[in-house]
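Chemist: To start, I am sharing the structure in question, which I have written as structure tokens.
Each value in this text was obtained by applying a stated rule to the coordinates, not by laboratory testing. Please read these numbers as outputs of a predicted model, since none were measured by experiment. Please note: Cβ atoms are built from the backbone with ideal geometry, for glycine as well, and neighbour counts cover all protein chains shown.
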Amino acid sequence: MGDAVDLTGDGGVLKKILRRAKPDALQPTDDLPLVDVHYEGVLEETGEVFDTTHEDNTVFSFEVGKGSVIKAWDIAVKTMKVGEVAKITCKPEYAYGSAGSPPDIPPNATLVFEVELMICRPRKGSSLGSVSDEKARLEELKKQRELAAAAKDEEKKKREEAKAAAAARIQAKMEAKKGHGKGKGKAK
């Protein structure tokens with residue numbers, strides 16, 4: 001779907017989008033830092049799968065930007081949107097480095113992950129800051145629209161009542177003229 005983007009400027013973390021998310025899809029933010037991902041990790045040199053969530057159809061959850069995952073994931077996943085699938089290539093300094101941890105990953109290995117961002121959500125017990133502010137703003141707009149619509153309906157009702165009253169007055173005048181017109185001036 002396009003060329004890989006160098007997210008670090010030094011070739012340490014490359015991201016290539018394999019499947020784009022919908023344009024309005026959420027992405028990790030300070031208010032939505034918890035993510036669930038599906039992934040498969042392979043060693044670049046051999047193509048050997050060293051870790052995957054696909055075998056048991058699980059998801060991996062973590063908080064973006066907290067250092068609980070390899071540096072490359074903190075960098076790349078925060079650029080993704082829900083529904084997006086990306087190939088993330090991680091040089092050793094953004095993966096496990098010379099430590100080569102976990103045990104099945106050799107030291108200084110370049111890792112390639114196919115990652116799908118499934119969900120972004122707030123921390124448990126946290127207020128949703130801008131999300132709740134936005135909801136409150138939308139609720140206020142909705143109330144204002146409802147009040148404006150009610151006022152417009154009331155205005156329309158008053159106009160219709162005024163028209164009906166005017167029509168009734170005209171009808172009454174016409175009836176009165178009809179009744180007075182008969183017999184006047186015809187007496188001999």
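Chemist: DSSP loop (so not H, G, I, E, B), at most 16 other Cβ within 10 Å: list which trypsin sites (Lys or Arg not before Pro) in region 69-104 pass both filters. Mind showing how you got there, number by number?
Modeler: Values: sites: 71, 78, 81, 87; in loops: 78, 81.
Within region 69-104, no trypsin sites (Lys or Arg not before Pro) qualify (loop, at most 16 other Cβ atoms within 10 Å).
Chemist: Give me the distance in nm between label points sitting 7 Å out from Cα along the Cα-to-Cβ direction at residue 55 and residue 20, one decimal.
Modeler: A separation of 3.5 nm, rounded to one decimal place.
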